[in-house]
Amino acid sequence: MRFSVARAALVLAHLFILVTAMAANASQVIIPAPPQLAATAYLLIDADTGKVIVEHNADEQLPPASLTKMMTSYIVSEEIYAGRLQETDLVRVSDDAWRRGGAKSGSSTMFLEARSEVPVIDMLRGVIIQSGNDASIALAQHIAGSEEAFAEIMNQQAQLLGMTNSHFRNATGWPAEGHLTTARDLAILAKALINDHPKHYALYSEKHFKHNGISQPNRNKLLFTDNTVDGIKTGHTEAAGYCLVASAKRDGMRLISVVMGAKSENTRAAESKKLLAYGFRYYQTHKLYSAGDELGSTRVWGGDPKELVLTIDHDILATIPRGGAKNVKAAIETDANIEAPIAKHQALGKLKISLDDEVIVETDLVAATDIAEAGLVDRAWDAILRLFEE
């Protein structure tokens, strides 16, 4: 297919950032090296664009400890969204859930009483805020009949989300052979929690939850020291070390950090703060275009009308180093021989956004409207004109 660059100036005209991008004498933005953390693996991404800002051993399979409960809570939210579960449904606490996850288990617990019945929404808070093993097991058994069956659902959901290096054996994160994930997969899961179930994601920001007369604080210390942090989850076992997935939003930019294998509770919080501080200090999320923006037009041979407006069907966001907007450029590529009929949303070219000569966003340009075939005479005339265009 033959392409031609068309109307780049028109595309840039209504966006200050991209008008600035065309300015002469654009200079390279200097960004310091990212921090090196005292952790086995870590990752920092822009939650809106997916841009990886910092990574170290991000694809190394590691035990996730209670970070597992992020998936447990995601599945509970999915069940509620699908209508198979209600927030007010009562979950019965089995003797097994009480024994393996309750007060006498020595693990993190919601302090559920055996054979008690607790609403789903309170159980979900127990999983998220108190990291309750008892609540996680009880919910797994309520949804799937057994924790083993629930683990199968977890693995199926992981594949659907693109968590290709994860395998779950239980709903709690209790050490088990083959129960592994990666920093990258956890970032994918965190992004899904935030975007797919914002109502329940808000529970991750709650600092305390009281059940059975016992009030417990959220284990995510960043919630108490940084008001831009609104989630998400901690984890710790001897094998996993101290882990923390955190998310914060400042000035319209949301970041997700993952720290695995830190040496202490304080270390995982301090190292997470380093990642977030670096990302917010040196990068910005820019909205370059909105869905439906008119980005140019193109000739349609044999069409009525003969000009077609080109647009995009989704917002275009990019993660750009602070001060680097002047180095952003846009180009339109369209097929030189577009023929009617054309259907609305039909892909007819490409919009390419580059930063320092590296393409950072590439997306389809689509038809803003339908274009019907012209009459026989107009199509014949266009056929003659095309002979002189070639």
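The values are calculated or read from the model by the stated rules, or taken from the named source; none is laboratory data. From a predicted model like this one, the values you see are computed outputs, not experimental measurements. Virtual Cβ from ideal backbone geometry, glycine too; neighbours counted across all protein chains shown. Side chains included, ligands, DNA and RNA excluded: accessible areas come from the protein's heavy atoms. Shrake-Rupley method; radii C 1.70, N 1.55, O 1.52, S 1.80 Å.
The number of residues in segment 245-283 that are open to solvent by 10 Å² or more (accessible area, probe 1.4 Å), within 19 Å of residue 194 (Cα to Cα) and part of a helix (DSSP H, G or I) comes to 1.
Among the helices (runs of 4 or more DSSP H) confined to segment 118-189, the ones with at least 2 residues that are free of Cβ contacts under 8 Å to residues at least 12 places away in the same chain, open to solvent by 10 Å² or more (accessible area, probe 1.4 Å) and of a type in the set (A, V, I, L, M) are located at 147-161.
If I filter segment 81-100 down to residues being over 19 Å from residue 203 (Cβ atoms) and among the acidic types (Asp, Glu), which single residue comes out as surrounded by the most Cβ atoms within 10 Å (Cβ to Cβ)? Looking at the filtered set, the residue picked out is 96.
Close contacts from segment 64-89, counting a first residue that is touching a residue at least 60 places away in the same chain (Cβ under 8 Å) and a second that is crowded, with 24+ Cβ neighbours inside 10 Å and among the charged types (D, E, K, R), with Cβ to Cβ under 6 Å and a gap of 6+ residues or different chains, come to 67/233; 70/233.
Within segment 191-211, residues that are more than 15 Å from residue 79 (Cα to Cα) and part of a helix (DSSP H, G or I) have Cβ atoms under 6 Å from residues that are of a type in the set (Gly, Ala, Ser) and open to solvent by less than 60 Å² (accessible area, probe 1.4 Å) in these pairs: 191/47; 204/231; 205/231, counting only partners at least 6 apart in sequence or on another chain. Among the residues of segment 16-33, those that are open to solvent by 70 Å² or more (accessible area, probe 1.4 Å) and modelled with pLDDT of 65 or more comprise 28, 30, 33.
Examine segment 7-15 for a residue that is at pLDDT below 95, in a strand (DSSP E or B) and of a type outside the set (Asp, Glu), and state whether such a residue exists. No - not one qualifying residue is present in segment 7-15.
With 220, 227 as the choices, which residue is part of a loop (DSSP other than H, G, I, E, B) and surrounded by fewer than 21 Cβ atoms within 10 Å (Cβ to Cβ)? So that I can check it myself, show each step before the final result.
On the way: 220 fails: surrounded by fewer than 21 Cβ atoms within 10 Å (Cβ to Cβ).
Sole residue among the options that is part of a loop (DSSP other than H, G, I, E, B) and surrounded by fewer than 21 Cβ atoms within 10 Å (Cβ to Cβ): 227.
Within segment 34-70, the residues that satisfy the criterion of being part of a loop (DSSP other than H, G, I, E, B), open to solvent by 10 Å² or more (accessible area, probe 1.4 Å) and closer than 14 Å to residue 246 by Cβ are 37, 39.
Based on this model, can you work out whether residue 103 counts as crowded, with 21+ Cβ neighbours inside 10 Å and within 21 Å of residue 236 (Cα to Cα)? In short, no.
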